[in-house]
Each structure stands twice: as structure tokens, then as C-alpha cells.
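The values are calculated or read from the model by the stated rules, or taken from the named source; none is laboratory data. Everything numeric in this text was worked out from a predicted model, so none of it was measured. Counting neighbours? That spans all protein chains shown, and the Cβs are built from the backbone with ideal geometry, glycine included. Accessible surface is based on the protein model in full, side chains and every heavy atom, while ligands, DNA and RNA are left aside. Shrake-Rupley method; radii C 1.70, N 1.55, O 1.52, S 1.80 Å.
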Amino acid sequence: MKRRAKGEAALTRDAVRSEVAKRYATRFHMSLIIAGSVAMGTLVTSFLMHAGVDSLWLRWLPALASAYLAFFAGVWLWLHLSAYGRHLRESSRSRGSSVVDAGVDVLDALTDIPIPRGGGTVAREVLRAGGGAFDGGGASASWVADSASQLVSSGSSGVTRGIGEAAGEAVGEAVGGIASDEGGFALVVAIALLAIVLALFFGAAAFVVWQAPAILGEVVFEVMLGSPLVKGVKAVGAGNWAGALLAHTWKPFGLVAGFAMAFAVFAAAMAPQARSAMEVIAVLSAGATGN
């Protein structure tokens with residue numbers, strides 16, 4: 001067994017996670033990535049609505065898929081703009097990725113942008129991650145956590161406020177006649193499903209933001225495993241950063257997507273003429289009060 005050179009630190013998950021957490025404002029960066037994902041999903045469903053797709057589930061299904069793909073794209077961009085981007089590009093080059101080769105010059109130019117960053121020892125001694133631009137001076141910035149939580153909570157504030165007002169006015173009317181009124185029962189179910197969706201969305205977003213140091217640290221560790229620039233990792237095997245990201249995020253996304261589709265399918269059955277969640281509440285509320 002080949003002995004490790006004197007002074008060479010071990011490439012371990014804990015060491016990489018610690019280095020990433022020290023060098024980057026990971027929770028703030030993850031908030032930006034999630035905000036971009038939400039924006040992508042909103043754009044998709046809005047485009048489909050203007051294209052004449054009225055059914056909620058037919059719009060929400062591609063919107064959810066697009067949002068999750070945008071999340072992966074955001075992490076991919078973060079990796080390329082970070083100090084570890086060159087490892088990802090070299091790994092892709094070694095596998096003969098022509099798509100990545102075509103964009104290497106652009107990404108190299110972006111990573112030359114001088115943005116302040118924090119220091120670190122593991123990246124210099126083990127990961128050899130020279131250069132980088134997406135640094136946030138992470139641990140020393142006390143305002144990062146507040147900024148992250150505000151960004152996540154404000155992402156859909158306008159939509160949730162309108163839904164909450166409509167639901168609040170309707171739920172009182174529906175609960176009184178729930179035992180004998182089919183319309184009132186459908187309204188209560190719709191409000192309950194929508195409330196669960198919103199609670200799961202904000203809970204999942206907060207969870208992913210809070211776990212950002214571990215998630216992004218794991219992603220970076222997988223990138224280093226597949227990098228030809230790091231000594232002694234070829235025996236470990238090529239890393240799979242997308243697989244690591246999927247393993248850490250599919251459960252919260254699946255919960256949100258599952259209940260969102262349950263609400264959309266229920267809405268299609270009970271209020272097929274409604275084109276949005278607020279319209280579903282309004283239609284069912286009108287039916288409950290009319291009976």
C-alpha cells in the first residue's frame with residue numbers, strides 16, 4: 001500500500017464539507033438557487049396558461065419538472081463559478097464531453113471575475129482548487145442566514161397572501177355545512193390540500209437551505225472524486241455530483257410535488273373550469289354558498 005506523502009491531508013467528506021462551509025455563504029447561495037427554481041416553475045406554468053392550457057395538473061406537472069431541473073442547473077452553475085469548477089471541467093474533458101468543452105472558455109472567463117472570498121487550507125493543500133469567483137466569505141457574514149430566510153419566505157409571498165385571504169373567507173362558510181353539503185366538503189378538502197402544499201413548500205425550502213453546507217459539500221466531494229487533478233482518487237472511482245444532489249433533495253421535492261399534483265387532480269375533478277389555485281377556491285366557495 002502506497003504511503004501518503006508527508007504533510008498531505010486526506011481527502012475526506014468531513015474535510016471537504018468543512019472547507020466549503022468556511023469558504024462560501026452556502027445557505028445564501030442555496031436560497032438564490034431555490035429562488036431561481038421557483039421562478040422557472042412560475043414562468044413555465046404562466047407560459048402554458050397563456051398558450052391555452054387551462055387544466056392545473058397539465059401545467060403544474062411540467063412546471064414542477066422544470067423547477068427541479070432548474071435547481072440542478074443552478075447547482076451546476078454554482079460549481080462552475082466556484083473554486084472547484086476547473087475540477088468539474090477537467091473531469092468532463094477526460095470523458096470527452098464536447099458540450100462542456102464548447103463552454104469552457106466562457107466559464108473560465110466568468111471564474112476570473114474578482115469577487116472577494118474567504119481563506120482555507122484543505123482546498124489549497126488537498127483539493128488544489130486554484131481560482132474561483134462565487135465565494136461569499138461565508139462564516140464571517142452574520143447577515144447571511146437572515147438574508148437567506150427572507151429570500152425563501154418572500155419568493156411566493158404575493159401568491160400565498162392572495163390564496164390565504166380567499167381561503168380564510170371561504171373556510172368559515174364551508175365548515176358549518178360540511179356534514180350535509182357536498183360543495184362545502186370539497187372546499188374544505190381543497191383548502192386542506194392547498195395548505196399542506198404551501199406548508200411543505202416552505203418547509204422543504206427551509207430544510208434544503210439549512211442543509212446547504214452539507215449538500216453542497218457532498219456535491220463538491222463527488223466532484224473531487226471524479227477529478228483527474230486530484231492525486232490518489234482514481235482508485236476510488238469517478239464521482240457523481242448529480243446523484244449525490246438527487247439523494248439529498250428528492251424526498252422534500254417529492255413531498256411537495258406529490259401533494260401539489262394531488263391538489264391539481266382534485267381541482268380538475270371538482271372545479272374543471274378553474275385555471276388557478278385561487279380560482280379553485282373561489283369556484284368551490286361559490287358552489288358551497290349557493291347550495
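Some notes on this structure:
- Counting the residues of the stretch 81-107 that are in a helix (DSSP H, G or I), open to solvent by less than 40 Å² (accessible area, probe 1.4 Å) and modelled with pLDDT of 65 or more gives 4.
- The condition of being closer than 18 Å to Ala257 by Cα, among the aromatic types (Phe, Trp, Tyr) and either touching a Cys at 6+ places or on another chain (Cβ under 9 Å) or in contact (Cβ under 8 Å) with a residue 40 or more places away in the chain (or both) holds for Trp60.
- The set of residues in the stretch 64-80 that are closer than 12 Å to Leu246 by Cα and surrounded by 16 or more Cβ atoms within 10 Å (Cβ to Cβ) comprises Tyr68, Phe71, Phe72, Val75.
- Restricted to the stretch 226-240, and to residues there that are within 21 Å of Leu81 (Cβ to Cβ) and out of contact with any Ser or Thr (no Cβ under 9 Å at 6 or more places or on another chain), the residue that is modelled with the lowest pLDDT is Val230.
- Of all residues making up the stretch 41-60, the number that are in a helix (DSSP H, G or I) and either more than 17 Å from the chain's Cα centre (by Cα) or surrounded by 19 or more Cβ atoms within 10 Å (Cβ to Cβ) (or both): 13
- Of everything in the stretch 252-271 that is closer than 11 Å to Leu194 by Cα and aromatic (Phe, Trp, Tyr), the residue that is surrounded by the most Cβ atoms within 10 Å (Cβ to Cβ) is Phe263.
- Candidates Gly183, Gly168, Gly203, filtered to the one that is at pLDDT below 55 and at negative phi: Gly168
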